[in-house]
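Take a look at the structure set out below.
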Amino acid sequence: GVEYAKNEIFHLTSSLHAGMEGSYLDRESKAMHAGLMDNLLMEIGDITQIATYNFPKGVIDVPLVQLGPGTVDKKKPVITCIGHNVMPAAEVISYLEDMDLMDDVEVCGICCTAHDMARRNKNVKIVGNLSKQLKFIGTGISDVVMLDEQCVREDIIDVARNYGTVVIATNDKVCLGLDDRTGDSVEAIVEDLATGKAEGVLILDAVTAGHVAVQTAQRLSETRKKRDTGLLSSKEIKEWAGKCTSCEACLRTCPVDIHISDFMKDAKEGNFASFVDAKELCVGCMRCDYACETGIPITHVMDSAARNYTENYVGNVRMGRGPITDVEIRNVGRPLVFGEIPGIVVFAGCSNVPNSEREIAVMAEEFLKRNFIVVTTGCAAMSLGSYKDEEGKTLYDKYPGEFDAGGLTNLGSCVSNAHALGAAIKVAHIFAKRPLRGNFEEVADYIHNRVGVVAVVWGTYSQKAHAICTGLARWGIPVLYGPSGMGYTRLLVGRKDKPETFKGFDARSGDEVILDMCPDELITIAENMEEAIVKIARNVMRPNDGAKGRVIKISHYMDIHKKYFGTVPDDLHLYIRNEKDIPITMKDEVMAILEKTDWVEKAIPDPTMVERLVRK
Ligand code: SF4
Ligand code: SF4
């Protein structure tokens with residue numbers, strides 16, 4: 001599988017990267033195939049690590065694990081692992097287990113590696129999503145930062161250096177100019193790191209890196225004086241704030257327009273409230289730091305002002321559970337395909353936008369309360385666990401973990417996104433008995449026309465996120481990016497003004513028909529959370545919905561549109577096939593709307609876009 005996928009990606013990227021493919025259809029086809037290969041590799045990757053490290057294997061009632069900087073015991077040596085490839089972090093854990101040191105050394109993670117570390121050992125602490133990396137290192141809590149691959153900040157050494165934290169790079173994709181010490185003895189490397197002869201090293205052997213990380217953290221924690229004092233004191237914050245010249249260079253570079261100079265004026269007088277309020281807006285990009293010619297460490301000032309949040313925040317997250325089980329699919333297959341469970345919403349992505357924690361939680365809860373199945377992975381799953389309601393509860397406290405109506409399921413790290421797709425494929429295979437082998441076209445057609453699943457990727461950051469989404473789209477699953485998705489400059493949006501572009505077949509009669517215009521988007525963006533919620537409610541509709549299912553979906557779509565936009569959707573007539581689709585309590589209102597359009601009743605076909613699947 002790996003060789004096949006590598007070969008395909010090699011040829012596809014050689015065709016696509018320089019814009020050699022002149023046909024948009026061929027280009028999209030190749031891009032989608034590359035995304036599919038990425039999905040395949042993710043699945044192989046997760047199955048391999050599940051088997052190798054004995055991760056939970058589709059366990060429904062996985063435990064909640066602690067999340068947030070406040071869960072880390074600062075009195076112990078602290079190792080913080082960042083990235084996406086758990087191998088070196090797993091060696092840290094294995095070494096600690098072998099030496100019976102798990103209770104003596106604190107191991108925590110940021111970004112997807114954190115999920116997989118917690119799947120490996122539930123005592124691991126998850127600090128949070130990728131935007132937390134510089135903020136957490138800025139607390140000075142970590143003795144050692146261990147990097148693997150992907151989503152690692154380029155300037156991480158510059159920040160770590162300020163606190164005497166050493167950096168161990170472990171992967172040839174992220175070398176950071178560090179000396180390659182792969183062949184050296186553990187003792188020699190530890191000696192250089194612990195005595196300050198080296199501020200970081202590259203070790204391309206995971207076992208050695210694991211041993212070095214533990215032994216270095218143990219030695220450094222005894223000698224590092226700055227730990228626990230990484231954040232600035234009130235006096236230091238005021239001093240830095242007093243140096244601000246109000247030049248506004250920081251404001252001009254800030255992607256979320258935080259008025260830092262105003263906050264500096266307040267902070268100079270000892271009022272830190274505005275910095276505290278800004279903590280959810282700031283994405284930790286540090287552009288302001290680099291822009292400030294006065295040299296004020298702006299983000300550090302901000303994080304220090306919000307000390308309690310930066311250092312002590314505690315949330316939780318349900319441990320990544322891996323694949324959805326066949327039993328669960330059997331239970332939900334029928335209500336999903338006929339629309340009685342209104343849909344599956346997958347929240348994935350990097351959450352690297354202002355207010356992302358609150359927005360993802362609000363979106364997820366909107367659909368959990370409406371009995372959708374909500375699935376999450378990666379940094380989005382951590383963001384959900386970082387946001388608490390007025391009662392101090394996260395969504396993981398409030399909703400069960402099973403893959404069922406009203407359930408919130410954390411599959412695991414980014415590679416576990418393959419299991420969200422796997423669930424849709426299993427509905428086609430287990431519930432509808434569609435063969436899998438060599439049968440991509442039929443399974444994708446089934447998902448697109450019958451399984452109301454939508455993926456939401458909020459705060460996209462990497463090309464990896466785009467690859468995952470492109471792969472999902474190939475299976476007929478609509479993908480919704482948040483505003484940052486505009487950076488990919490690629491949308492696949494249906495032409496509702498041209499019904500003939502929704503042409504397909506009635507598999508019963510063989511007639512060519514215009515299928516229901518749902519989903520009407522395959523890759524799309526929403527400019528804000530409200531628009532995203534409305535688009536999700538619309539894009540879970542499927543041509544195969546039974547009348548009962550469509551009534552439920554229409555009623556959610558209307559209700560959500562009114563709640564967030566204050567109006568009835570102007571495309572309602574496109575989704576009502578006959579009077580049976582109209583929610584009884586909304587009948588008069590809907591009929592009045594339909595009468596103002598050219599709406600006529602439509603027959604409901606057995607929908608397919610693949611002519612060979614016509615049974616006649
Ligand atoms: S680190 Fe925060 S305040 Fe600074 S530029 Fe980025 S978002 Fe704005
Ligand atoms: S760039 Fe520095 S000096 Fe200028 S307004 Fe921002 S914090 Fe103040």
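List the number of the failed condition for Trp458; all other conditions in (1) surrounded by fewer than 20 Cβ atoms within 10 Å (Cβ to Cβ); (2) of a type in the set (Phe, Trp, Tyr); (3) under 17 Å from the mean Cα position of the chain (by Cα) hold.
Going through the list (1) surrounded by fewer than 20 Cβ atoms within 10 Å (Cβ to Cβ); (2) of a type in the set (Phe, Trp, Tyr); (3) under 17 Å from the mean Cα position of the chain (by Cα), Trp458 breaks only (1).
Considering segment 477-493 alone, what residues qualify as being in contact with a Leu (Cβ under 8 Å, 6 or more places away or on another chain) and either open to solvent by less than 30 Å² (accessible area, probe 1.4 Å) or of a type in the set (S, T, N, Q) (or both)?
Matches in segment 477-493: Ile477, Pro478, Val479.
Go through segment 501-616 and tell me which strands (runs of 3 or more DSSP E), entirely inside it, have 3 or more residues that are open to solvent by less than 60 Å² (accessible area, probe 1.4 Å) and in the same structural domain as Glu359 (by TED's automatic domain parsing).
Correct list: 503-506, 521-525.
For segment 269-281, does any single residue satisfy the condition of being open to solvent by 40 Å² or more (accessible area, probe 1.4 Å), within 12 Å of ligand 1 (Cβ to nearest atom) and not in a helix (DSSP H, G or I)?
Yes, because at least one residue in segment 269-281 is open to solvent by 40 Å² or more (accessible area, probe 1.4 Å), within 12 Å of ligand 1 (Cβ to nearest atom) and not in a helix (DSSP H, G or I).
If Glu328 satisfies every condition in (1) among the acidic types (Asp, Glu); (2) closer than 30 Å to Tyr399 by Cβ; (3) within 13 Å of ligand 2 (Cβ to nearest atom) but one, which is the exception?
Status for Glu328: all satisfied but (3).
Could you list, in sequence order, all residues of segment 64-115 that are among the small types (Gly, Ala, Ser) and at negative phi?
Gly70, Ala89, Ala90, Ser94, Gly109, Ala114
Please go through segment 227-252 and give me each residue that is within 16 Å of ligand 1 (Cβ to nearest atom) and open to solvent by less than 40 Å² (accessible area, probe 1.4 Å), ordered by number.
Residues satisfying the conditions are Leu231, Leu232, Ile237, Ala241, Ala249, Cys250, Leu251.
For (1) aliphatic (A, V, I, L, M); (2) modelled with pLDDT of 95 or more; (3) assigned by TED's automatic domain parsing to the domain that holds Val174, each residue gets a yes or a no:
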| position | (1), (2), (3) |
| --- | --- |
| Ile93 | yes, yes, yes |
| Asp100 | no, yes, yes |
| Glu106 | no, yes, yes |
| Lys132 | no, no, yes |
| Ile137 | yes, no, yes |
| Gly140 | no, no, yes |
| Met146 | yes, yes, yes |
| Ala160 | yes, no, yes |
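Tally up the residues in segment 559-610 that are among the basic types (Lys, Arg) and in contact with a Phe, Trp or Tyr (Cβ under 8 Å, 6 or more places away or on another chain), please.
Qualifying residue count, segment 559-610: 0.
Can you tell which of Ile260, Ile344, Ile296 is more than 16 Å from ligand 1 (Cβ to nearest atom), among the aliphatic types (A, V, I, L, M) and surrounded by 20 or more Cβ atoms within 10 Å (Cβ to Cβ)?
Ile344
Has segment 475-483 got at least one residue that is touching a Cys at 6+ places or on another chain (Cβ under 6 Å) and either within 17 Å of Pro519 (Cβ to Cβ) or acidic (Asp, Glu) (or both)?
Yes, segment 475-483 contains a residue that is touching a Cys at 6+ places or on another chain (Cβ under 6 Å) and either within 17 Å of Pro519 (Cβ to Cβ) or acidic (Asp, Glu) (or both).
Condition first: more than 26 Å from the chain's Cα centre (by Cα) and crowded, with 18+ Cβ neighbours inside 10 Å. Now tell me which residues in segment 312-334 satisfy that.
none
With the requirement that a residue be open to solvent by 50 Å² or more (accessible area, probe 1.4 Å) and either farther than 18 Å from Arg474 by Cα or part of a loop (DSSP other than H, G, I, E, B) (or both), what does segment 15-29 give you?
His17, Ala18, Gly19, Met20, Gly22
If you take the residues in segment 415-470 that are part of a helix (DSSP H, G or I) and basic (Lys, Arg), which one is farthest from His115 (Cα to Cα)?
Restricting to residues being part of a helix (DSSP H, G or I) and basic (Lys, Arg), the top hit is Arg450.
Please determine whether any residue of segment 45-58 is part of a strand (DSSP E or B) and polar (S, T, N, Q).
The answer is no; no qualifying residue exists.
Only one of these conditions is not met by Asn417: (1) surrounded by 24 or more Cβ atoms within 10 Å (Cβ to Cβ); (2) touching a Leu at 6+ places or on another chain (Cβ under 6 Å). Which number is it?
If we test Asn417 against (1) surrounded by 24 or more Cβ atoms within 10 Å (Cβ to Cβ); (2) touching a Leu at 6+ places or on another chain (Cβ under 6 Å), just (2) comes out false.
Which condition from (1) open to solvent by less than 30 Å² (accessible area, probe 1.4 Å); (2) at pLDDT 90 or above; (3) touching a Lys or Arg at 6+ places or on another chain (Cβ under 9 Å) is the one that Ala5 breaks?
(3)
Could you tell me whether Ser185 is within 22 Å of Ile141 (Cα to Cα) and either open to solvent by 30 Å² or more (accessible area, probe 1.4 Å) or outside the structural domain of Asn85 (by TED's automatic domain parsing) (or both)?
So Ser185 does not fit the description; no.
Quick one: Arg224 ticks every box in (1) open to solvent by less than 50 Å² (accessible area, probe 1.4 Å); (2) within 16 Å of ligand 1 (Cβ to nearest atom); (3) not polar (S, T, N, Q) bar one, so which box is it?
(2)
Among the numbered criteria (1) over 22 Å from the mean Cα position of the chain (by Cα); (2) over 21 Å from Cys414 (Cα atoms); (3) open to solvent by 10 Å² or more (accessible area, probe 1.4 Å), which single criterion is violated by Glu91?
(2)
If you go through segment 343-399 one residue at a time, how many are without any contact (Cβ under 8 Å) to a residue 40 or more places away in the chain and touching a helix residue (DSSP H, G or I) at 6+ places or on another chain (Cβ under 7 Å)?
6
What pairs come out if I take residues in segment 278-298 that are outside the structural domain of Lys243 (by TED's automatic domain parsing) and farther than 18 Å from Ala241 by Cβ and pair them with residues that are near ligand 1 (Cβ under 9 Å from one of its atoms) and small (Gly, Ala, Ser) whose C-beta lies under 7 Å away, six or more apart or interchain?
none
Name the residues in segment 380-406 that are part of a helix (DSSP H, G or I) and open to solvent by 60 Å² or more (accessible area, probe 1.4 Å), would you?
Answer for segment 380-406, where residues must be part of a helix (DSSP H, G or I) and open to solvent by 60 Å² or more (accessible area, probe 1.4 Å): Asp397, Lys398.
The values are calculated or read from the model by the stated rules, or taken from the named source; none is laboratory data. Treat the numbers as computed from the prediction; the structure is a model and nothing was measured. Using ideal geometry, Cβ is built from the backbone for each residue, glycine included, and neighbour counts are taken over all protein chains shown. Keep in mind that these areas ignore ligands, DNA and RNA; they rest on the heavy atoms of the full protein, side chains included. Shrake-Rupley method; radii C 1.70, N 1.55, O 1.52, S 1.80 Å.
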